[in-house]
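Just so it is clear, none of the values below were taken in a lab; they were calculated from the coordinates. All of these numbers come straight from a predicted model, not from anything done at the bench. Cβ sites come from the backbone with ideal geometry, for glycine too, and all protein chains shown count toward neighbours.
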Amino acid sequence: MRYFLSIVALLVIGILGWFWLSGGFDSLAVWAASWQRDFQNAIAGGLRRVRTGDIAAAVTVLGACFAYGVAHAAGPGHGKVLIGGYGFARRVPMLRLSLIALAASLGQAVTAVLLVYAGVLVLNLGREAMVDLTEAIIAPVSYAAIALIGLWLAWRGLRRLLQRAHDHDHQGEGNHCSSCGHAHGPSLDQIEQVGNLREIAALIAGIAMRPCTGALFVLIITWQMGIGGLGIAGAFAMAFGTALVTIFVGLVAGGLRGGMLASFSGSPQLARVAAGVELLAGTVVMFLAGGLLLRAL
């Protein structure tokens, strides 16, 4: 079974690589942008109906906001890069990884609310100025933070990979060597530990500090219409839609990791392979986030 999981994991990675090289992700981004525009138009129309007294239209607005969040998350984004990379680099329980992704997405909504209401109430900024502020300052800072997290993952994987191993072969039955008494073939539970609170906080903050532009749009227009409460609810509906996709990406990445390492369970090479996976994941996160940073500058 473990060899089958490894083959499936390698097959999925190969398909993803082919999809990327063939320009599939670019096509996906175009599709997602088109859907975002359609949902944004639906949101604007629903808000106008709410303004005229059609309270039932509020449900339509929230549904369109949720769908916008799903479509937004389907395109290129730093949240999926970091959550997917972290799930691939570290052995994290699926529930905890899902909660991290959910907290990061909700954090984006919180950032959007704070940014908009600080901007309109304190600085008297309009929608264009708010978006410019996000794209010119907040987005590059977020990408830089994620690139640093990727660098940290890669460095930790490299450091573990270069650690000196025992200079003799495993002897005896079981997990422990009869010669030295050490476990040459640790299990995944022995070589992996879930990150501490500071590590998790860094992951969430790196994603949450860059709000969704769709949430900014909804918050500003609803504030101008005098229905700000609906705008705040809409921003969080978008966050739940985004979280749905981000959680899926994280779970797939974690499953791929488990499948790749399954065939090495109990092997002396498990620690080295796990470190190599962490190095690979951190390098990918670092370069993808670095590319987003260069594009934003």
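Using the 10 angstrom Cβ neighbour count as an exposure proxy, how do Thr283, Thr52 rank, fewest first?
Working: Thr283 19, Thr52 8.
Arranged by neighbour count, lowest to highest, Thr283, Thr52 become Thr52, Thr283.
Using only the alpha carbons of region 206-248, what is the convex hull's orientation-averaged projected area in square nanometres? Can you show the working numbers first?
On the way: hull surface 12.0 nm².
About 3.0 nm², averaged over all directions.
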| task | Report Rg/Rh for region 36-120, rounded to two decimals, where Rg is the Cα radius of gyration and Rh the Kirkwood radius. | result | 1.09
| With Cβ to Cβ distances under 14 Å as the rule, what net charge do the other residues near Leu102 carry (K, R +1; D, E -1)? | +2
| request: May I have the pair-distance distribution P(r) for region 58-108, computed from all Cα-Cα distances with 10 Å bins from 0 and rounded to whole percent? | output: 22, 46, 25, 7, 0
| message | Above 19 Å lies some portion of the pair distances; for region 216-297, what is it as a whole percent of all C-alpha pairs? | response | 64
